[in-house]
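Notes for the one structure printed next.
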Amino acid sequence: MANEVLKVEHLEKYYQKKHVLHDINFSISKGEVITLLGPSGSGKSTLIRCLNGLEDFRNGEITFENKKVVPSEKNWQQLRQKIGMVFQSYDLFPNLTVLDNIMLGPTKVQKRNVDEVKKEVDELLKKVDLLDYKDAYPRQLSGGQKQRIAIVRALALHPEFMLFDEVTASLDPEMVRGVLNIIQDLADQDDMTMIIVTHEMNFAQQIADRVLFLKDGSILEDTPGKKFFKDPTTDQAKEFLQSMDF
Amino acid sequence: MAHSGINVLFEGTNFTRLLLGMWTTFKIAAIAIVIGLIIGIILGILRTFHNKLLRFVLRIYLEFFRIVPTVVLLFLFYYILPRQLNLHMPGTQVAMLVFALWVAAEMSDIVRGALISVPIHQRESGLAIGLTRYQLYRYVLVPQAVSLELPATINLITRVIKTTSLLMLISVMDVVNIGQQIVEANNQKYPTGVFWIYGLIFLLYFLIDYPLSWWAGRLEKKRLEQANGE
């Protein structure tokens, strides 16, 4: 495929003896949004952590923008500027202000001009309604606010591709919407390529171009979003959708 | 009051000599602490790396300085090194060397402990925004570790200052050594002089160490309050 961003082939992952990912194959093209669904412990988080080098894998290949990824500390460090990731545990750096949290990557890693980045960060903060908190420390923010900042921090690096690992799972219910809206905007307005692990089924249904359904470390379905939610192929997926009660 | 023991302090240049002795003590401690802390921070960071051999060697270094009593270390460096290695150093330099190596060892353990107690998610968040290993330590892990380790570091400093009272054993003219000399010289005239001299030495040590100790306690309390407020 011409505008293929990422391709995963025959990826296998073990924790010691435990085989957690079995022969994973899929690819994602520019602007596409994939949601990764499946029961707890099915390997969703492990899979997307492999995609930016936080987990090593035993066999298989990852190709990013038509170049094979040779897994090394240096290569991953370079790639992570293009592959943004946001985690469940919204870990802002508590020793830095909101602004410094966001500026760290663009100015220290990418060595961009401080004033330019500042201007851009202001814009981003305005978009997520948190401009007033720019000089606050993370401990002064609510969970939802922290998570929005964590997303801005990842976006400030101008990634080509974003990974979201259950970013709303540890938020209070009233905070969830605000965070999901930002992700939705990324899909709608910026045409961002994304892989999203989530348990918010309504959201997944709304945003997914494609669904990968993972169970016990294997991809059981790789189908367009609409089809998955209306008419999943496998019994396991049917069962899963029923159990989610949405 | 003519024969009151307290006058021993003001006989001749006694008082100035004691203060100068305290200055020597303070200088040795300060230089050893500065050098020791810098080396200790570096060793502590190295001890969080995955290289097994490196970690083993640094562990041995730590255990050696922790287990061997300071007196023995001082004697070892003062008497044995010159004889075996033909390395002649004045007592003050030996003292600085021994104390710096000791501080470095203890500090490496404090730094390592603080670094590994920074949550793993902090490390991953840092990596995820493309930080190199150096940047991760420089901007994320070390600053957070410092606030965790500061109280323990200050306590280490007070211990070092206290332990300088052993320096007389390797003939350094520190405050204890000078006090001892004054006591011996004035024993006839001021039989209770020993009480006053050591009383003053106690006071001098207390004046340096107590504020540090108080500061450490306050920082720890503040840190806990902040951590609970999260």
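The values are calculated or read from the model by the stated rules, or taken from the named source; none is laboratory data. Computed from a predicted structure; not experimentally measured. A quick note on method: Cβ atoms are made from the backbone with ideal geometry, for glycine too, and the neighbour counts reach across all protein chains shown. To get the accessible areas, we keep the full protein, side chains included, count just its heavy atoms, and leave off ligands, DNA and RNA. Shrake-Rupley method; radii C 1.70, N 1.55, O 1.52, S 1.80 Å.
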- Can you tell me how many residues in segment B:37-47 are surrounded by fewer than 18 Cβ atoms within 10 Å (Cβ to Cβ), touching a helix residue (DSSP H, G or I) at 6+ places or on another chain (Cβ under 7 Å) and either closer than 16 Å to B:Leu156 by Cβ or not hydrophobic (A, V, I, L, M, F, W, C) (or both)? 1
- A:Leu36: passes all of (1) crowded, with 22+ Cβ neighbours inside 10 Å; (2) within 17 Å of the chain's Cα centre (by Cα); (3) not in a strand (DSSP E or B); (4) not charged (D, E, K, R) but (3)
- Quick count over segment B:169-226, residues being assigned to a helix (DSSP H, G or I), under 24 Å from B:Ile154 (Cα atoms) and either open to solvent by less than 70 Å² (accessible area, probe 1.4 Å) or in contact (Cβ under 8 Å) with a residue 24 or more places away in the chain (or both), is 17
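Within 14 Å of chain A (Cβ to nearest Cβ), over 30 Å from A:Leu163 (Cβ atoms) and β-branched (Val, Ile, Thr): is that true of B:Val103 in this structure?
It is false that B:Val103 is within 14 Å of chain A (Cβ to nearest Cβ), over 30 Å from A:Leu163 (Cβ atoms) and β-branched (Val, Ile, Thr).
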- Message: I'd like to check something: does segment A:206-228 contain any residue that is open to solvent by less than 30 Å² (accessible area, probe 1.4 Å), over 13 Å from A:Val33 (Cα atoms), in a helix (DSSP H, G or I) and aromatic (Phe, Trp, Tyr)?
- Response: yes
- Name the single residue, out of those in segment B:115-134 being open to solvent by less than 40 Å² (accessible area, probe 1.4 Å) and within 29 Å of the chain's Cα centre (by Cα), that is farthest from the other protein chains (Cβ to nearest Cβ). B:Leu115
- Note on the structure: Reported set for segment A:29-63 where residues are within 14 Å of chain B (Cβ to nearest Cβ) and not polar (S, T, N, Q) is A:Ile48, A:Arg49, A:Cys50, A:Leu51, A:Gly53, A:Leu54, A:Glu55, A:Asp56
- Within segment A:83-99, how many residues turn out to be more than 9 Å from chain B (Cβ to nearest Cβ), open to solvent by 10 Å² or more (accessible area, probe 1.4 Å), touching a Phe, Trp or Tyr at 6+ places or on another chain (Cβ under 8 Å) and not hydroxyl-bearing (Ser, Thr, Tyr)? 0
- Message: Among (1) surrounded by fewer than 22 Cβ atoms within 10 Å (Cβ to Cβ); (2) within 14 Å of another protein chain (Cβ to nearest Cβ), there is one condition A:Asp132 misses while meeting the rest; what is its number?
- Response: (2)
